[in-house]
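The values are calculated or read from the model by the stated rules, or taken from the named source; none is laboratory data. Note that the coordinates shown come from a computational prediction; the quantities given were computed from them, not determined experimentally. Cβ sites come from the backbone with ideal geometry, for glycine too, and all protein chains shown count toward neighbours. Side chains are part of the model used for accessible areas, which takes the heavy atoms of the whole protein and leaves out ligands, DNA and RNA. Shrake-Rupley method; radii C 1.70, N 1.55, O 1.52, S 1.80 Å.
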Amino acid sequence: MYQLSERTLGDWLEHWAQVSPDREYIVYSDRDLRFTWKQFNERVDDMARGLIAIGVTKGTHVGLWAQNVPDWLTFLYACAKIGAVCITVNTNYKQNELEYLCKDSDMHTLCLTDGTWESNYVDMTYTMLPELRECQRGHLESKRFPKLKNVVYIGQEKYRGMYNTAEILLLGENTDDDEFLRLRKSVTCHDVVNMQYTSGTTGFPKGVMLTHYNIANDGFLTGEHMKFTQDDKLCVCVPLFHCFGVVLATMNCLTHGCTEVVVERFDPLVTLASVHKERCTALYGVPTMFIAELNHPMFDMFDLSCLRTGIMAGSLCPIELMRKVEEKMYLHVTSVYGLTESSPGMSQTRIDDPDEVRYTTVGRDYEFVDVKVLDPETNKEVPVGVQGEMCCKGFNVMKGYYKNPEATAEVIDENGYLHSGDLGVKDENGNYRITGRIKDMIIRGGENIYPREIEEFLYHLPGVRDVQVAGVPSKKYGEEVGAFIILDDGAKLTEEEVRDWCRGKIARYKIPKYVFFVKEYPLTGSGKIQKFKLRELSLKLCEEQGIEVI
């Protein structure tokens with residue numbers, strides 16, 4: 001019989017450091033970097049003391065903007081041990097999005113890497129904080145971001161106005177233990193430990209406040225549904241900033257004492273090689289990741305017979321793809337359904353469910369979670385087989401949106417049920433199928449995209465009178481972003497000019513792949529725009545213009 005645990009993330013880490021100190025916890029196979037539970041716990045403690053030395057304390061907001069680098073998890077657990085809140089920053093963010101998040105989250109310390117091939121995080125941070133170029137580290141006084149006091153570079157390089165990892169660790173080694181121990185004892189499982197920004201069901205991105213209790217227990221039950229033990233090795237190639245990585249993967253490993261084999265940034269070859277070399281027993285990914293692995297020209301060179309289970313989630317999972325993964329990669333696929341606000345799992349297929357259940361449903365309720373399909377109009381539960389809104393109540397429901405009680409009240413009703421905005425059906429065996437969405441959210445390859453955010457951005461493009469953004473069906477990503485633009489009289493714009501306006505300002509995955517210039521929008525009798533008809537219109541326009549939808 002399962003039980004919910006009141007251990008904090010720090011409690012879990014220290015538990016395994018004592019029980020199995022010499023077992024491997026974190027492995028980077030491509031560079032043969034390995035940490036045992038004991039080694040990693042000691043590094044986390046040094047990092048925590050170092051953060052205290054630069055003013056981080058209980059309740060402080062610390063941003064983490066990085067790919068899956070080796071110290072990503074060190075910073076997460078260091079924050080967790082002293083009661084600080086780790087704000088995971090999307091690695092695809094551009095200048096506008098970064099500045100919005102730093103301001104809205106009241107960030108105190110920002111930890112970052114160099115960035116990606118298309119985004120230089122250091123340059124973007126200097127653009128946001130020009131004062132950094134003139135100040136000593138730890139003495140930042142920003143006019144636009146008065147609460148932001150420190151920037152930490154995750155690595156050995158030195159940048160003006162920034163600490164680096166080595167300096168934080170050195171400060172930690174030379175900092176008195178008293179304050180660390182005081183803070184460590186003050187942390188409870190119901191404290192917020194992680195804040196992830198999501199568009200939720202309405203408006204611009206909001207900070208979802210998740211507690212130790214939320215994410216540790218969600219990760220634990222996810223692992224139980226796949227029968228995880230200390231002997232498992234999970235290959236994590238999904239981004240850690242996302243709930244998929246930080247909860248379903250990392251919290252699973254943390255609560256089961258197993259090994260986390262991390263891939264810094266997804267590459268099908270590195271992923272396959274890591275599974276082969278480390279004899280991983282589990283693998284996660286969104287559908288496009290599994291497709292890339294299966295179609296890699298060197299796929300047959302790797303022995304994947306060690307795999308036994310995994311999760312395919314993040315977007316629509318094609319039945320044929322799941323069958324092919326099971327046949328060629330040997331693992332029994334499970335699916336998790338939920339959203340960031342539900343930590344994220346509310347339902348999951350189990351490893352020993354029949355193929356038909358695992359391929360065609362998102363499983364049944366997590367233990368200690370009450371999932372209901374409610375009528376969107378009456379808020380009453382609908383009968384089995386009848387479509388309604390997927391809602392849940394339980395340990396997994398977020399503490400709320402940061403500084404936004406109004407938005408919180410819009411998604412958590414008076415009975416405590418979190419409303420997902422997704423439509424689903426419950427079958428006679430208690431399994432759920434997702435059938436559609438009430439909200440306008442676009443889900444592209446596992447990334448949630450809220451149309452209004454892009455619409456507001458495109459309104460500033462000269463020549464645009466009106467713009468509506470909707471999802472366009474995609475075989476590869478599930479959905480792509482489509483922009484339907486009405487131009488000012490006499491204005492002329494091309495599709496590429498619209499995309500050029502976006503580049504470098506918003507994340508690449510939000511840039512419209514399809515741009516349609518239209519004269520009017522489909523409306524309801526009351527004059528409201530019917531976004532679901534824009535989706536249908538996109539297919540018609542693509543056909544008329546000879547555009548292949550991929």
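Would you pick out the residues in region 106-140 that are farther than 26 Å from Ile511 by Cα and either assigned to a loop (DSSP other than H, G, I, E, B) or in contact with a Pro (Cβ under 7 Å, 6 or more places away or on another chain) (or both)? Once the filter is applied, which keeps residues that are farther than 26 Å from Ile511 by Cα and either assigned to a loop (DSSP other than H, G, I, E, B) or in contact with a Pro (Cβ under 7 Å, 6 or more places away or on another chain) (or both), region 106-140 yields Asp106, Met107, His108, Glu134, Cys135, Gln136, Arg137, Gly138, His139, Leu140.
Could you go through region 148-160 and let me know if any residue there is open to solvent by 40 Å² or more (accessible area, probe 1.4 Å), touching a Ser or Thr at 6+ places or on another chain (Cβ under 8 Å) and under 28 Å from Val263 (Cα atoms). Taking every residue of region 148-160 in turn, at least one turns out to be open to solvent by 40 Å² or more (accessible area, probe 1.4 Å), touching a Ser or Thr at 6+ places or on another chain (Cβ under 8 Å) and under 28 Å from Val263 (Cα atoms). Got at least one residue in region 29-43 being of a type outside the set (S, T, N, Q), under 24 Å from the mean Cα position of the chain (by Cα) and surrounded by fewer than 18 Cβ atoms within 10 Å (Cβ to Cβ)? Yes, some residue in region 29-43 is of a type outside the set (S, T, N, Q), under 24 Å from the mean Cα position of the chain (by Cα) and surrounded by fewer than 18 Cβ atoms within 10 Å (Cβ to Cβ).
Scanning region 274-329 for residues that are more than 28 Å from Pro473 (Cα to Cα), in a loop (DSSP other than H, G, I, E, B) and among the hydroxyl-bearing types (Ser, Thr, Tyr) turns up Thr281, Ser305. Could you say whether any residue in region 132-153 is within 28 Å of Thr211 (Cα to Cα) and without any contact (Cβ under 8 Å) to a residue 24 or more places away in the chain? Among the residues of region 132-153, at least one is within 28 Å of Thr211 (Cα to Cα) and without any contact (Cβ under 8 Å) to a residue 24 or more places away in the chain, which makes the answer yes. Filter region 310-335 down to the residues that are open to solvent by less than 20 Å² (accessible area, probe 1.4 Å) and within 14 Å of Ala249 (Cα to Cα) and list them by number. Gly310, Ile311, Met312, Ala313, Thr334, Ser335 - these are the residues of region 310-335 that are open to solvent by less than 20 Å² (accessible area, probe 1.4 Å) and within 14 Å of Ala249 (Cα to Cα).
Would you mind stating whether Thr211 is out of contact with any Leu (no Cβ under 9 Å at 6 or more places or on another chain) and over 16 Å from Gly310 (Cα atoms)? Answer is yes for this residue.
Checked against the criterion of being open to solvent by less than 40 Å² (accessible area, probe 1.4 Å) and part of a loop (DSSP other than H, G, I, E, B), the candidates Val384, Val425, Val397 yield just one match: Val397. Residues in region 258-274 that are of a type in the set (A, V, I, L, M), free of Cβ contacts under 8 Å to residues at least 40 places away in the same chain and crowded, with 21+ Cβ neighbours inside 10 Å: Leu272 only. If you go through region 276-309 and keep only what is of a type in the set (D, E, K, R) and open to solvent by 30 Å² or more (accessible area, probe 1.4 Å), you end up with Lys277, Arg279, Asp300, Asp303, Arg308.
For region 32-86, which residues satisfy the criterion of being at pLDDT 95 or above, charged (D, E, K, R) and either assigned to a helix (DSSP H, G or I) or under 21 Å from Val236 (Cα atoms) (or both)?
In the first step, residues of region 32-86 are kept if they are at pLDDT 95 or above; the result is 33-86.
Filter once more, keeping what is charged (D, E, K, R): 34, 38, 42-43, 45-46, 49, 58, 71, 81.
Arg34, Lys38, Glu42, Arg43, Asp45, Asp46, Arg49, Asp71, Lys81, listed by residue number.
Taken over region 34-52, the criterion of being of a type in the set (Lys, Arg) and closer than 11 Å to Tyr77 by Cα is satisfied by Arg43 alone. Considering region 435-489, the qualifying strands (runs of 3 or more DSSP E), each wholly inside and each with 3 or more residues that are open to solvent by less than 10 Å² (accessible area, probe 1.4 Å) and under 30 Å from Ile291 (Cβ atoms), run over 464-474, 478-487.
Of the residues Gly490, Gly463, which is free of Cβ contacts under 8 Å to residues at least 24 places away in the same chain and not β-branched (Val, Ile, Thr)?
Details: Gly463 fails: free of Cβ contacts under 8 Å to residues at least 24 places away in the same chain.
Matching residue, one of Gly490, Gly463: Gly490.
Remark: pairs (first residue in region 529-540, on the phi > 0 side of the Ramachandran plot; second residue open to solvent by less than 60 Å² (accessible area, probe 1.4 Å); Cβ separation under 9 Å; 6+ apart in sequence or on different chains) are absent.
Beta carbons closer than 6 Å, at least 6 apart along the sequence or on distinct chains, pair a first residue in region 1-29 that is in a loop (DSSP other than H, G, I, E, B) with a second that is polar (S, T, N, Q) for Leu4/Asn217; Asp22/Thr36; Ser29/Ser274. Pairs linking a residue in region 346-364 that is at pLDDT 95 or above to a residue that is open to solvent by less than 50 Å² (accessible area, probe 1.4 Å) and of a type in the set (Lys, Arg), with Cβ atoms under 7 Å and 6 or more positions apart or on different chains, are Thr349/Arg358; Gly363/Arg350.
Within region 374-393, residues that are farther than 15 Å from Thr435 by Cα reach partners that are at pLDDT 95 or above and among the β-branched types (Val, Ile, Thr) with beta carbons closer than 6 Å, at six or more positions or on different chains, in the pairs Cys392/Val369; Cys392/Val371. A count restricted to region 152-205 and to residues that are of a type outside the set (Phe, Trp, Tyr) and either at positive phi or in a helix (DSSP H, G or I) (or both) stands at 22.
Looking only at residues that are open to solvent by 20 Å² or more (accessible area, probe 1.4 Å) and under 17 Å from Ser342 (Cβ atoms) in region 191-208, which one is modelled with the highest pLDDT?
That would be Val192.
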